[in-house]
Structures are given as C-alpha cells and as structure tokens.
1. Just name the residue that is farthest from A:THR47 (Cα to Cα) out of those in the range B:8-47 that are among the hydroxyl-bearing types (Ser, Thr, Tyr) and in a helix (DSSP H, G or I).
2. For the range A:21-46, give me each residue that is within 7 Å of another protein chain (Cβ to nearest Cβ), surrounded by fewer than 19 Cβ atoms within 10 Å (Cβ to Cβ), in a helix (DSSP H, G or I) and not basic (Lys, Arg).
3. Please go through (1) modelled with pLDDT of 90 or more; (2) more than 22 Å from A:ASN16 (Cα to Cα); (3) assigned to a loop (DSSP other than H, G, I, E, B) for B:GLU88 and return the number of the only condition it doesn't satisfy.
4. For A:LEU359, all conditions in the list (1) at pLDDT 80 or above; (2) in a loop (DSSP other than H, G, I, E, B) hold save one; what is the number of the exception?
5. Looking at (1) assigned to a loop (DSSP other than H, G, I, E, B); (2) at pLDDT 90 or above, which one does A:ARG393 not meet, given that it meets all the others?
6. Assigned to a loop (DSSP other than H, G, I, E, B) and either surrounded by fewer than 18 Cβ atoms within 10 Å (Cβ to Cβ) or not polar (S, T, N, Q) (or both): is that true of A:ALA245 in this structure?
7. Looking only at residues that are assigned to a helix (DSSP H, G or I) and of a type in the set (Gly, Ala, Ser) in the range B:107-126, which one is farthest from the other protein chains (Cβ to nearest Cβ)?
8. Check A:PHE256 against each of (1) more than 30 Å from A:ALA115 (Cβ to Cβ); (2) at pLDDT 85 or above and name the one condition it does not meet.
Amino acid sequence: MFRRRAERGPRVSNMNEAEIRRRLEQLAQVEPSAEATQRATDRVRQTLLQPDARSNARLASLWRTIMKSPLTKLATAAVIAVGAAIGIALMGSTPAFADVVQSLLSVKTASFKMAMRVEGVPPQKFDCLYAEPIRMRQTSEDGSAVVISDFEQAKIVTLIPAQKQAVEVKLENMPQNDLSQYNMFSEIRKRLQEAQATADESVEYLGERQIDGVQTIGYHVLTPGVEITLWADSRTNLPVEMEHAAGPATYTMTDFVFDIEIEESLLSQEIPADYTVRTMQVDASEPREDDLVTMFRLWAEHMDGSFPSAFERQVLMEFIQAQTKKMSENGQEPSEEAMMQLQPVIAQLNRGGMFAMQLPADSDWHYAGQDVTFGDAEAVVFWYRPAGSATYRVIYGDLHVEDVSPADLPQ
Amino acid sequence: MSQCQTELLELLEASGSKLMALLTRLTLREDIAEELMQDLFLKLSGTRNLTDVNCLYAYARRTAINLAFSWRRREAIRRSQSLDEIPERASDNHAPLSRVIESEEMKQILAAIGRLGGSSREAFVMRHIQQESYEAIAEQLGKTPHQVRALCFRAMRHLRETLGCDVSPTGRKGAPRVEHE
C-alpha cells in the first residue's frame, strides 16, 4: 500500500554519464498523445475565453493543490462540510414533489455512497451511514479516515486509524431549533419538505430514466451557485441518486439502502484509548456582523495587512494555500500541529463569510477591500443594509463600523 | 478581449503543444501535464504586467519548468507521507511513454535535475530535454553560448555525482569534460 521508493533523494544507481545521456535522449523523445494535447489546449482556450470558466478553473486548481496533501485536506474538511451545508441552504423554496418528499421523510436510517468530485482531482469517495435524529458516519473509501457526527451531542469526531489519531470538534452555541442544516442528508430532506408548500420555477421535472435497472423520475433544482439533481424510484418514491453541484465541486450520493439496522457502535463517538486526541471548539451560533469584522482582522493579520482579493468562496482556499506555503519550510509539508492551530482561524473566517452569504438579497452588500490596507480609517472595505434599516453599516480599513446614509456610500 | 488574453491565446496557438510536450517530459504523466497546462495559463493570466514581458514564450517555459518540478517535489513528499495509492502511469494507451515511465532511472534523473539551481536547470532542460542548440539557449537566456555550455557541464557533473557514480565516459573519475556537440 505504501510507496516510498521513488524520488526520495539521492541514491546510488551507478549510472555513468553515457547512461544518463542515453536516458535524456529517451526523455527528449517523449511526446504526449495528440488527444491529450488537444484536450489540454481546448481546456486552456475555453478558460481564457470565458471569465466564469477561468474562475472555476482557478478554484479547481486550488482544490487540486489542497487535496493533494493529507494535512491540508484535513484542515479543509470542516470548511467543505460547512460549505456544502451553505450551498444547500441557498437552495431556497422548490415546488411540490410531495410523494418523493414524503417517502424520504419517512426514512429512519440509510446507508449510501457519496463521491466528491472536483475537476482535475481524483474523486473522494465515502461510505455513509445516516440515522435519525441527526447522526452520520462517513468512512473514506480506503478506510484512512472516519468521521462520526452527532449534532444533538454537538460533536464531530474524526478518526485516522493508521496514525491512531483523532480530532474531536465540539460545536458550541448550536441553535437547538434546527439542526438539519449541519448534515447534508438531513438538509436535503428538510428542503424537499419545504418545497411541498411552495411553487417555484427553479424546479424542473426531468422525466424518467433507468438507473441500474430501476425506473426513476428526476427533478432538477437550480439556485444561484448550486444545482441539485434528484432521481427517485418511480415505484417507492425513494431517492436512487442525488447530486449536489456547486462550482467545480460535485457531491453524488448513490447506492441508497433505507431503514437498515445500524450497529450502535458504528455511530459511537467514543475514541479508542490508544489514540492521540486533539480537541477543537467551533462556534456554531448564528454568525453576526462581529464575525465579519473578526474575519477581516484575522485575514489582515495573517496576510501581511491585506484584505481578500475578492469576496467569494474560493478566497478561503487561497488563504489556506497561502498559509500552507508560509508554514512550509525547505519544501516540507507544514507540521500537523501548525495545521491544527490554523483550524480555528479557518473556522472564524468561515463564519464571517457565512454572515455575508446569509444576508438577504435586498441587503445590497458590497465588498471593496481588495486594494485597502489594514488600518486605513478612511477606506471602505464592506457595506450592507441590515433588514428594515434606512442606513447602511459600513466597515472601514481600520475595522471600525459606522451607520451611513445611502447618499454617503462610496460610488 | 484584453490585450493580455489576446497574447495568451496567441501563445497557446503558437506554442501550446510545445509547452504540453515539455510538461509531459518533466512529469512523465499526461494527465498531470494537462492539469499543469491549465495551471500555467491561469498563472500567466494572473501575472501583473504580463504584457511588459519581453518574450512571453520564454517566460511561460520557465514557469512551466518551475510548475513541473514543484509538482515532482510535492509528489516526492506525498509519496513519503501518504497512505494513498499513487498512480504511476502517464497514459493507459500510450505504450512507448509507459515504458519510459516505468524506468526508475528516469525518475531519478528528473529528481536530480529538479535539485539544480534555477538557470542551470532551465539551461539543462532546454539543452537535453528540449534539445535546443547552445546558441538558441544562449539567446533566450541572455547569456553567451560558452556560458550555457559551462552551465550544462556543471549540471551534468551534478547529475553524475547525485546519481552515485561520478565517472566520466572516458573512465576517469571526475575528469573535466567540455561538451562539443
């Protein structure tokens, strides 16, 4: 399973110069296939010609870098989970497909496979177990990591068996009235339930399709930034395949088996005694304006006094990439300890981002901090209008906040 | 369309296949070369004042070499730390390439090239992997052909030392040898 031979440094190979030259000659004769060259140039051309494609390609490029490293992958795990939940939360209302919804709501337990695909990165696959009220076990396909979440207990435990390491995330200040937003499966169920009550043109009936011999009916839900496709068994109305796509990342859930017996031990969050445990506290309360201000402060402190280059999801990954690079010395991966210390910062940045993302459409929020230097009391970084307010809240470069009338906003 | 976009599209049409070939030779993986092509042009498109660059192809080639060796370095670290199975092949349907890749010596040579300094590495790659003449390399790097020969000579000596057998083809250990090609 482990491959440790290649390129680990100088080793005696007894190649003389003639041999080296012969190999170099061979190397010079290597040509990519015409198809690969065509594919590569087509992709680049598309990226250069389409601004959206360029943005997605940049995000995919960051993903590739991050997902290549087990440590940065670990650091981004929380971000991915929360990001996915945010994506679903953005779905909004959908029209009724009551039969499918009712069938899904009646489910008490389920097992399914989930694949996370990002352009240019090998798929990350997980075996998942779900149990009401809101418990989940996700095992990576190769068994290298197990994540067990129980949101009633406000706790997520990640186990890395090969290294006998565990990370325990305690979620503080969780709103107790609606826990479903913290689990993708629960959130989809909730959204589908809500969809029964409203009519909305964002849902499209896709017709029928055979999946592994099962006749299914499909729905496509389109909202800004997120698309969900659901294929349900036309006989039982239970999902056969669900797909959630946001930017270059797509989560696909398949191989559903519903109402199965799940051994309690599989959902236990007890950490084996011989594991090294790291504990993290994450504030799970509703994000506030303070979180946004803290986000800007942390960003500036960690990024040499600058503010984000843009206010969009991918800048968080740029931050992680920049910090990882900073922490890397002599081409070595940053230490696990350093990555763990970065996690609360990432969580706080995420909260700030969530505050802005959850602002209603009429809040008219703007970000203008890309060229502002931290400490500049005159320059405006961000403004938005709170619900029902006649004035705007404006955050400046020194992070003081003022109420400003619409006429006095930056042009 | 911006001037930068136009110039990058022109570069892609004129030199895209050459850059792709270079990336494939340095990574020995077609799939990775494709990804790095994408990364290369993203990096170029995000470069400030790109239109001020004298020779865009030379700039792109240098960036491509850096990207490829960064990838090799990350891979080496990852392989020594990762629990994952790592695919080794560049292409499932490209037998000659696969044969080259299967050569452990080839990977060692590339790793050794990766440890060369910036201009040595670039000159060596241009000479021995892209098979350009000393005169052409000298012109592109702003050096004399003699300086390029010296860079390549020192780089070859580094490879001989790194790869564990510092014996020249004449059989004299460490014997200085000036290239006349």
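1. Per the stated criteria, the residue is B:THR27.
2. Hits for the range A:21-46 are A:GLN26, A:ALA28.
3. Of (1) modelled with pLDDT of 90 or more; (2) more than 22 Å from A:ASN16 (Cα to Cα); (3) assigned to a loop (DSSP other than H, G, I, E, B), only one is false for B:GLU88: (1).
4. Among (1) at pLDDT 80 or above; (2) in a loop (DSSP other than H, G, I, E, B), A:LEU359 violates only (1).
5. The one condition A:ARG393 does not meet is (1).
6. no
7. Taking the candidates together, the pick is B:SER119.
8. Against the list (1) more than 30 Å from A:ALA115 (Cβ to Cβ); (2) at pLDDT 85 or above, A:PHE256 comes up short only on (1).
The values are calculated or read from the model by the stated rules, or taken from the named source; none is laboratory data. These figures come from a predicted structure and were not determined experimentally. Here Cβ is always computed from backbone atoms with ideal geometry, including for glycine, and neighbour counts include all displayed protein chains.
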